[in-house]
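The next block holds one structure in the form of structure tokens; read it before the comments.
The values are calculated or read from the model by the stated rules, or taken from the named source; none is laboratory data. As the structure is a prediction and not an experimental result, all values here were calculated from the model. No Cβ is skipped: glycine too gets one built from the backbone with ideal geometry, and neighbour counts run over all protein chains shown. The area values use the complete protein model at the heavy-atom level, side chains included, leaving out ligands, DNA and RNA. Shrake-Rupley method; radii C 1.70, N 1.55, O 1.52, S 1.80 Å.
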Amino acid sequence: MGGTIFALVLLAVLVIFLMSAVKVVRQGYVYTIERFGKFTKHAEPGLHIITPFIDRVGQKVNMMEQVLDIPGQEIITADNAMVGVDAVVFFQVLDAGKAAYEVSNLFQAIMALTTTNLRTVMGSMDLDETLSKRDEINARLLSVVDHATSPWGVKITRVEIKDIRPPIDISEAMARQMKAERLKRAEILEAEGDRQSRILRAEGEKQSAILKAEGARESAFRTAEAREREAEAEARATEAVSQAIAQSGSMAINYFVAQEYTRALGKFADSPNAKTILFPVEATQIIGSLGGIGELVKETFGDSSRNVTTPAPSGTPLTQDREREPVPRVRGSGVPRSGDQR
């Protein structure tokens, strides 16, 4: 019975011994192994066997990139403006031994270091620079904090300013300033647009005046040219008429007069409003004109027919030779054309 108990106790001790000797390190972590309290090596992710009661696991160091939130800070800028600032720090442990034994509390140390440098960097700037130069603030903080934490085996990857909260009165003043600036820009743009519009309108009126002047000039040239050609044509026509009169005597004059007279009578007949035609001249004058035209035709083309009756000499009344013919009358006029006694 006593031997069985001893065997069970020995087995339990053996199990405990084996359990304390086998260590499994999770991915993303590194364990520090201490022998009699002294750091000896790193235990990378995986299965490790250590000497029980001699070696032990010291620190379980997270090797993944981590985020540290910096609480809000009240910072006085170079122009004595009080602003509230929030920031975040991204860091990663590169050396587990240094991170575990070079600093007592890594997170607290990084937070304190970032806070003090944040006050230093932003305290050297005025309010406008702190609001407009966040990238510069982030870069300066990153350089300073990363240099300070390098002995701890830590790499600072990013430092970001989350929020900057100026006082309420300054915020209202900035809002009024922004509004005034935008109104100023709007008025400038409106004035510039009105100026450009006036310039373009004046330029258009100038071009229009130039084109109108050129058109009037071209029209005057064309009108003068047309009048010149018309005068030349009239001169040639007059010359031709003069030559015809010089060659044929009064016959040409009678022809032209009779032609124009006949055209004038034709216009009376073509008038759409004329219901009654009144002749302002003697009907015998019309017949005399027709007789003159006949004589002109005979002189020009020759006497082709001997049966044509020779018109009466000048001054001979034609009414006696035409008494047998019916006297035509103009409708509605009551005036006979020839041989009618007044």
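In whole percent, and with a 1.4 Å probe on the protein chains, what portion of the accessible area of the range 1-158 is carbon and sulfur? That share works out to 60 percent. On full extension, the segment bounded by GLU136 and ALA186 gains 14.9 nm, given 0.36 nm per residue less the C-alpha separation.
For the pair ARG26 and ASP146, a Förster radius of 35 Å applied to the C-beta separation gives a FRET efficiency near 0.80, rounded to the nearest 0.05. The simple spin-label model puts a point 7 Å past each Cα toward its Cβ; for GLN66 and PHE53 those points are separated by 3.4 nm. Among the listed pairs LYS133/LYS179; LYS41/LYS98; LYS23/LYS60; LYS98/LYS162; LYS133/LYS184; LYS38/LYS60, a Cα-Cα separation exceeding 20 Å is found for LYS133/LYS179; LYS98/LYS162; LYS133/LYS184. Here the range 71-170 is treated as a sphere whose radius is the Kirkwood value from Cα pairs; by Stokes-Einstein at 4 °C and 1.567 mPa s it diffuses with a coefficient of 92 µm²/s. Rounded to whole numbers, the Karplus 3J(HN,Hα) couplings from phi for the range 146-162 are 5, 5, 6, 9, 4, x, 8, x, 10, 10, 7, 8, 8, 10, 10, 7, 7 Hz, using 6.51 cos²θ - 1.76 cosθ + 1.60 with θ = phi - 60°, and x at Gly and Pro.
Contact order for the range 93-193, expressed relative to its length and based on alpha carbon pairs under 8 Å spaced 6+ residues apart, stands at 31 percent. Here each label is just a point 7 Å from Cα along the line to Cβ, and for ALA7 and ASN80 those points are 9.0 nm apart. Rounded to the nearest whole Hz, the Karplus-based 3J(HN,Hα) values (6.51 cos²θ - 1.76 cosθ + 1.60, θ = phi - 60°) of the range 218-227 follow the sequence 5, 5, 4, 4, 5, 5, 5, 5, 5, 5, with x at glycine and proline. Annotation: per residue accessible area for the range 1-58 equals 73 Å², rounded to a whole number [probe 1.4 Å, protein chains only].
Other residues whose C-beta falls under 14 angstrom from the C-beta of ALA100 contribute a net charge of +2, scoring Lys and Arg +1 and Asp and Glu -1. Our coupling estimate for the range 19-27, obtained by passing each phi through the Karplus curve with A = 6.51, B = -1.76, C = 1.60 and θ = phi - 60°, is 5, 6, 8, 9, 10, 10, 9, 6, 5 Hz, Gly and Pro reported as x.
Extension gain for LYS179-THR40 works out to 43.5 nm (0.36 nm per residue, less the C-alpha to C-alpha distance).
On the basis of the beta-carbon distance and an R0 of 56 Å, ALA112 and GLU214 show a calculated FRET efficiency of 0.10.
Dividing the convex hull volume of the alpha carbon atoms of the range 12-131 by its residue count gives 113 Å³ per residue. Subtracting the Cα-Cα distance of ARG227 and VAL257 from 0.36 nm times their residue separation leaves 8.3 nm of extension gain. Computed from the C-beta positions of GLU172 and GLU205 and an R0 of 56 Å, the FRET efficiency is 0.70 to the nearest 0.05.
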